[in-house]
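**Student:** Take a look at this one; I'll ask things after.
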Amino acid sequence: MRTEFRQAVLPKELRSLMAFDRKVFSEGDIFPPAYWKACESWWMLIDGVKAGCCAFQRDIDFQEDLHEDGWNPVRKGSLYIATTGLLPQYQGRGFGPLMKAWQIAWARYHGFSRIITNTRRRNKRMIELNTKFGFRILRTTPRYYAEPADATVVMEITLRKPSGLHKNK
Ligand SMILES: CC(C)(COP(=O)(O)OP(=O)(O)OC[C@H]1O[C@@H](n2cnc3c(N)ncnc32)[C@H](O)[C@@H]1OP(=O)(O)O)[C@@H](O)C(=O)NCCC(=O)NCCS
């Protein structure tokens, strides 16, 4: 099995990102084109097939749930993971942990000191996966989502600074 993470090329792959989003999110949590353009998106390719996708915003703190006009402030060193998704046939097979480990490695490699993300309260799988990787719940904000209505669970992980290379190896 060959696994690869490749950045999505915009605007060329916008339609592909949106089609993927529709296949993964049945509940209508679909990003509009402008939002994809504001993110840096990454494919997870399994044997060349687009099996997963995630989208980041650099130096952003997620606070949309706290402000009525829904904006996210700049916060240096904070990586916001706006979405993480696998096609249904790749779910529950170990690829979620693989993508989560890669996200954390990517963030550390690029010098981020924390990751923030959010998901539906009903999404036990995502919450459980984040928890296993060391994320903690910052807050739960009711009525963030519509169709169906749900709270959002905001999760954060603080990342250690790279310790530098060992000279004796
Ligand atoms: C969320 C997602 C990325 C998780 O990846 P995954 O590989 O399917 O996740 P896993 O099977 O490893 O499940 C993670 C953990 O959640 C828990 N879990 C799994 N199914 C569960 C369920 N139905 N209910 C509660 N907890 C569950 C388990 O603890 C599991 O770990 P374990 O198998 O080691 O015990 C993937 O399922 C997905 O893409 N879902 C659709 C999109 C989505 O909801 N994205 C998140 C919102 S941004």
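**Student:** So, restricting to strands (runs of 3 or more DSSP E) that lie completely within region 4-110, which ones have at least 2 residues that are over 28 Å from Lys124 (Cβ atoms)?
**Tutor:** Output list reads 49-60, 74-86.
**Student:** Let me ask something else about it. Taking region 128-142, which residues are touching a strand residue (DSSP E or B) at 6+ places or on another chain (Cβ under 7 Å) and among the charged types (D, E, K, R)?
**Tutor:** Arg136, Arg139
**Student:** Out of (1) modelled with pLDDT of 95 or more; (2) crowded, with 17+ Cβ neighbours inside 10 Å, what's the single condition that is false for Tyr144?
**Tutor:** Among (1) modelled with pLDDT of 95 or more; (2) crowded, with 17+ Cβ neighbours inside 10 Å, Tyr144 violates only (1).
The values are calculated or read from the model by the stated rules, or taken from the named source; none is laboratory data. Keep in mind that this is a model prediction, so the values were computed, not measured. Here the Cβ is made from the backbone with ideal geometry for all residues, glycine too, and neighbour counts use every protein chain on show.
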